[in-house]
């Protein structure tokens, strides 16, 4: 088995890429709700 | 992949932000409202040098910034004031929505004798929320692609015209903020131009215009389902498939829920006033960025593709609905 094969099986899909895929697939309206909530949360916490 | 997608969108977003900054600086020099300048800047660039291909994906994000701005605007809404007029506002919104739908349908079919499906696209587009409504009802109406193109071009033309004309008429008639906001929210076409015209008039007018317009937008699902049922029955298909709760929900503008949630949190006193001011500055900048993109989406060359009859149908409807809703807004809120 080559080194390349081993690393692919061990690591699996990158969670950041998965999250980004889900974000890209989201409807624009939901993106707006999430962005708005995120901004509100950040300013409230900071 | 993240880097590739970010690189695809970032240049256009940077153009939007740069345009917003230019509009902001220019407004302090020439004394013209910065929101109008932002739209104007976008129109001038798109129709002179054109928008470069590398910026197109980023420029297309302008509706996301508008909707995010509207969600944040929930923090600034005077909920108590809104609740005190909720019944009158609701009656006006629903009444004029129904009237506009019927008026456009009747004028399109009986006066200008344009095809039923094109008339329905124009009716949904004019009475609810412009291009989004046309797209939402197009499959239920089973419209041809050239009919969709005609309807979209007609609605975009009226978006551009009303955005320029409404604030001018408002100033000439010296309308109060609430009357101008409710009037433009009821009788203008798409959400972007309504918000732009409202905030160009005043902060308060912008808030009333947005709330009124959101009130219209939430009916998009109902109208899309009604049209789907009507055309399915007329074409002798299975109407029950078209009228599902799922299709109602799919058409619902969900960002309105975000706006309502933020307004509820703010009205419960959970957001300190300093934060509300910060959020206000935030959504004003988001609107500015969005309006540069709105301007770049107005291509005058494409607007020439409207047919004369669809144009006359919407013109007749706009003049009637605008006149009547102005009178009604003056009577109720004047």
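Net length available on complete extension from residue B:144 to residue B:270 is 40.4 nm, with 0.36 nm assigned per residue and the Cα-Cα distance removed. Of the residues B:87, B:226, the one with the fewest other Cβ atoms within 10 Å heads the list, and the complete ranking is B:87, B:226.
The GNM of chain B, with springs linking C-alpha atoms under 10 angstrom apart, assigns the highest mean-square fluctuation among B:272, B:115, B:167 to B:272. When the alpha carbon gyration tensor of chain B is reduced to an equivalent ellipsoid, the three semi-axes, largest first, read 30, 25, 21 Å.
Mind telling me which of B:183, B:285, B:208 comes out most flexible in a GNM of chain B, alpha-carbon contacts under 10 Å? It is B:285. For the residues of B:269-279, the average number of beta carbons from a partner chain within 10 Å of their own beta carbon is 2. Prolate is the label for the range B:117-176. Its Cα gyration tensor axes, ordered a ≥ b ≥ c, give a/c of at least 1.5 and a/b above b/c.
From largest to smallest, the equivalent ellipsoid semi-axes obtained for the protein assembly as shown from the alpha-carbon gyration tensor read 33, 28, 23 Å.
Among the residues of B:55-67, the average count of other protein chain beta-carbon atoms within 10 Å of the residue beta-carbon is 2. With a cut-off of 19 Å, note down the residues of the range B:126-142 whose backbone N falls inside the zone around a label point 7 Å from the Cα of residue A:27 toward its beta carbon. The answer is B:128-141.
Considering helices alone, the calculated mean residue ellipticity of chain B at 222 nm is -25500 deg cm²/dmol, with DSSP H runs of length four and up weighted by -39500 (n - 2.57) and normalised per residue.
Shielding value for B:252-263 is 4, the average number of Cβ atoms from other chains within 10 Å of each residue's Cβ.
Can you compute the label reach from residue B:109? Point 7 Å from Cα along the Cβ direction, backbone N cut-off under 20 Å, restricted to the range B:203-234. Correct set: B:222-234. Between B:177, B:159, B:80, find the one with the highest GNM mean-square fluctuation for chain B; connect C-alpha pairs within less than 10 Å. Maximum fluctuation in the GNM of chain B, among the listed residues, is at B:80.
Between residue B:302 and residue B:94, the contour length at 0.36 nm per residue exceeds the alpha carbon distance by 71.7 nm. Taking every alpha-carbon pair within the range B:278-321, the share separated by more than 15 Å comes to 65 percent.
Remark on the range B:147-285: hydrodynamic radius 17.2 angstrom, per the Kirkwood mean of 1/r across alpha carbon pairs. Here the relative contact order of the range B:2-333, from alpha carbon pairs under 8 Å that lie six or more residues apart, stands at 32 percent.
Treating r as the C-beta distance of residue A:19 and residue B:331 and R0 as 56 Å, the FRET efficiency rounds to 0.60.
No value in this document is a laboratory result; all are computed from the given coordinates. Quick caveat: nothing in here was measured; it's all calculated off a predicted structure. Quick reminder, even Gly has a Cβ in these numbers, built from the backbone with ideal geometry, and neighbours come from all protein chains shown.
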